[in-house]
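Report on the following structure.
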Amino acid sequence: MKILLVALLFVSFSLVAQQHPYGIKAGGNIANLAGDGTDGLSSIINFHAGFFMEIGLTKDVKVQPELLFTVYGFELNEGDDPNVRLNYVALPVIAKYFVSKALSLDAGPQVGLLVTAKNGTGSEADVKSDFFDRDFGINVGASYAISDKVSGSLRYYIGLTDVTTADTKNQNRAFQLAFQFKIK
């Protein structure tokens, strides 16, 4: 079912992309969990990559849907296998308000589907049963067009839903720095 959903999103993306600029996106994440009992956790550095499209609404406003593979997670400050990596297929839909020709203020919702959850540096144990399959949150940030084909963005992702199956309420948080390359 998850593979079918991702395939449907990809086909829809490619059909609409014939009319709007699109490209690839890649960058880094500094991620952690927020909420109950997260004082003993540290951030981890990982990545995100995928596709984007720009849909112009007005002279100053564009909508940018994205299809990304993104890695969130956290590091335990104790134990033998401290890293927990949460691998998501995410669909952010970002509204971009251009304050100048090159600079935009960005904000929008994101829904994510957990693909895998692993901990450990050596054995990489599967811990997916400790996490819910979905994530929903809001992105806020800014983008800057370096050229007609290349831009950079800095965002902060604020997860709004509980992602752990534990009795505590924990949400994903991540700073994201990315570069986008327009293909068309």
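Quick one: how many residues across the range 70-117 are within 11 Å of the chain's Cα centre (by Cα), closer than 30 Å to GLY56 by Cβ and free of Cβ contacts under 8 Å to residues at least 40 places away in the same chain?
3
State all residues of the range 28-49 that are in contact (Cβ under 8 Å) with a residue 40 or more places away in the chain and on the phi < 0 side of the Ramachandran plot; if no residue qualifies, say none.
Of everything in the range 28-49, those that are in contact (Cβ under 8 Å) with a residue 40 or more places away in the chain and on the phi < 0 side of the Ramachandran plot turn out to be GLY28, ASN29, ILE30, ALA31, ASN32, LEU33, ALA34, ASP36, THR38, ILE44, HIS48.
Given the conditions (1) more than 18 Å from the chain's Cα centre (by Cα); (2) surrounded by fewer than 19 Cβ atoms within 10 Å (Cβ to Cβ), which single one is not true for LYS62?
Only one criterion is unmet by LYS62, namely (2).
Inside the range 96-142, can you point out the residues that are among the β-branched types (Val, Ile, Thr) and either assigned to a strand (DSSP E or B) or touching a His at 6+ places or on another chain (Cβ under 6 Å) (or both)?
Of everything in the range 96-142, those that are among the β-branched types (Val, Ile, Thr) and either assigned to a strand (DSSP E or B) or touching a His at 6+ places or on another chain (Cβ under 6 Å) (or both) turn out to be VAL111, VAL115, THR116, ILE138, VAL140.
Considering only the range 56-94, how many residues are at positive phi and either polar (S, T, N, Q) or assigned to a strand (DSSP E or B) (or both)?
1
Being buried (at least 18 other Cβ atoms within 10 Å of the Cβ), closer than 13 Å to ASN119 by Cα and not charged (D, E, K, R) is the filter here; which residues of the range 65-86 pass it?
VAL71, TYR72, GLY73, PHE74, VAL84, LEU86
Scan the range 143-156 and give yes if some residue there is assigned to a strand (DSSP E or B) and touching an Asp or Glu at 6+ places or on another chain (Cβ under 6 Å), otherwise no. Step through it out loud before you land on a result.
Residues of the range 143-156 that are assigned to a strand (DSSP E or B), as a first pass: 143-145, 150-156.
Next, from what is left, pick out any that are touching an Asp or Glu at 6+ places or on another chain (Cβ under 6 Å): 143.
Yes: the range 143-156 contains one or more residues that are assigned to a strand (DSSP E or B) and touching an Asp or Glu at 6+ places or on another chain (Cβ under 6 Å).
Where residues in the range 1-41 are among the polar types (S, T, N, Q) and assigned to a helix (DSSP H, G or I), which of them is modelled with the lowest pLDDT?
Going through the qualifying residues, I end up with SER14.
Which of (1) of a type outside the set (S, T, N, Q); (2) under 23 Å from GLY50 (Cβ atoms); (3) touching a Gly at 6+ places or on another chain (Cβ under 9 Å) is the odd one out, the single condition ASP162 does not satisfy?
The failed condition is (2).
Return the only residue of VAL111, VAL84 being at pLDDT 85 or above, over 17 Å from GLN64 (Cα atoms) and of a type in the set (Val, Ile, Thr).
One residue alone meets the criteria, VAL84.
Which one is surrounded by the most Cβ atoms within 10 Å (Cβ to Cβ) among residues in the range 141-180 that are more than 14 Å from LYS25 (Cβ to Cβ) and charged (D, E, K, R)?
Checking each candidate, the answer is ARG173.
The values are calculated or read from the model by the stated rules, or taken from the named source; none is laboratory data. All figures in this text were calculated on a predicted structure; none of them were measured in a lab. A quick note on method: Cβ atoms are made from the backbone with ideal geometry, for glycine too, and the neighbour counts reach across all protein chains shown.
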